[in-house]
Amino acid sequence: MIRGKFITLEGGEGVGKTTNLTFIKDYLAHHNIPVVVTREPGGTALAEKIRLLLLDPHSETISEQAELLLVFAARSQHIKHVIEPALSQGKWVLCDRFTDATYAYQGGGRNMRISTIEHLENLVQGSLRPDLTLLLDAPVEVGMRRAKKRGAFDRFEAETISFFEHVRRAYLLQAELNPQRIKLIRANQPLTDVQREIIDAMRFLVRNQC
Ligand code: TMP
């Protein structure tokens, strides 16, 4: 059985992840590629409970370290129960956010040490890394304007503009450090152009599969 491919979708708030996730799912289905769509934090019953704890704007103050460990606890469950089984059955996994979000939010936004994140990444994931990451990038004000329209803010969305500037910078640094894996998609343009860039970035993986 040929192992499936692991694709992740990343970006700050309001960059259009949800719309493009559906677009990618349909694109893969069109090429007869079996795909499991999932998300982080979340993807299993326990990991979804952890997600609720992380996003609850009314929770007690969560320390940066507790936040980081909760993110990786959820990820550990997700990998064991969803991601690895699907990949080894030859299915592709399309995941809304993964560890690049940890480098961006906990590393960039919360200023946690990168070496600590790397350590947890190796511990929890072993050698598992995405085959392709699509990073939707847009200026912070544009994303925040879109996110505001969605209604009440969760614990992350309620953060400051400066937090999201750090998140964006950390995402762009990740892209610079991993140019083979992370494809930068300019999200601040008409949707058809965004989706053309997405297809260009995915073509190589998909062609090799068909
Ligand atoms: P979203 O997937 O609906 O955008 O919300 C998930 C939130 O969780 C988002 O604000 C980013 C945050 N997050 C982290 O802080 N670290 C992580 O590792 C992941 C996967 C998400």
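Coordinate-derived values only; no laboratory data. Just so it is clear, the model here is predicted, and its values are computed rather than measured. Cβ atoms come from the backbone with ideal geometry, glycine included; neighbour counts cover every protein chain shown.
Shown here are the Rg and Dmax of the Cα trace of the stretch 11-73, at 15.1, 46 Å.
All Cα-Cα separations within the stretch 1-123 were binned at 5 Å from zero, giving a P(r) of 2, 10, 19, 22, 21, 14, 7, 3, 1, 0, each value a whole percent of the pairs.
Dipole of the chain (Lys/Arg Cβ +1, Asp/Glu Cβ -1, origin at the Cα centre): which of Leu172, Ala147, Pro130 lies farthest to the positive side? Of Leu172, Ala147, Pro130, it is Pro130.
Given a cut-off of under 8 Å on Cα pairs at least six residues apart, what relative contact order in percent is computed for the chain? Intermediate results must be reported in sequence, preceding the final value.
Details: 314 pairs, mean separation 68.5, N = 210.
RCO, the chain: 33 percent.
Would you compute, from DSSP H runs of 4+ residues alone, the mean residue ellipticity of the chain at 222 nm, taking -39500 (n - 2.57) per run and dividing by the full residue count, rounded to the nearest 500?
Values: 8 runs with 102 residues, N = 210.
Per the formula, -15500 deg cm²/dmol.
Among Gln189, Pro57, His81, whose Cα lies farthest out toward the positive end of the dipole of the stretch 6-209, if unit charges sit on the beta carbon of Lys, Arg (+1) and Asp, Glu (-1)? Among Gln189, Pro57, His81, the one farthest towards the positive end of the dipole of the stretch 6-209 is Gln189. Assuming charge only on the beta carbon of Lys and Arg (+1) and of Asp and Glu (-1), the dipole of the stretch 1-155 about its Cα centre is about 360 debye to the nearest 20. Near the amide H of Val37, within less than 5 Å, lie the amide hydrogens of Leu94, all on another chain or at least 5 residues away, with H placed in the peptide plane. When the chain is treated as a Gaussian network with alpha carbon springs shorter than 10 Å, the biggest mean-square fluctuation among Ala158, Ala74, Ala147 belongs to Ala158.
Can you pull the Rg over Rh of the stretch 41-104, Cα-only, Kirkwood?
Numbers: Rg = 12.7 Å, Rh = 12.5 Å.
Ratio value, two decimals: 1.01.
For the stretch 162-210, a simple Cβ point-charge model (Lys and Arg +1, Asp and Glu -1, everything else neutral) yields a dipole of about 140 debye relative to the Cα centre. A quarter of the convex hull surface defined by the alpha-carbon atoms of the chain gives 11.2 nm² as the mean projection.
Spatial offset of the stretch 34-57 relative to the stretch 69-127 amounts to 12 Å, using the alpha carbon center of each.
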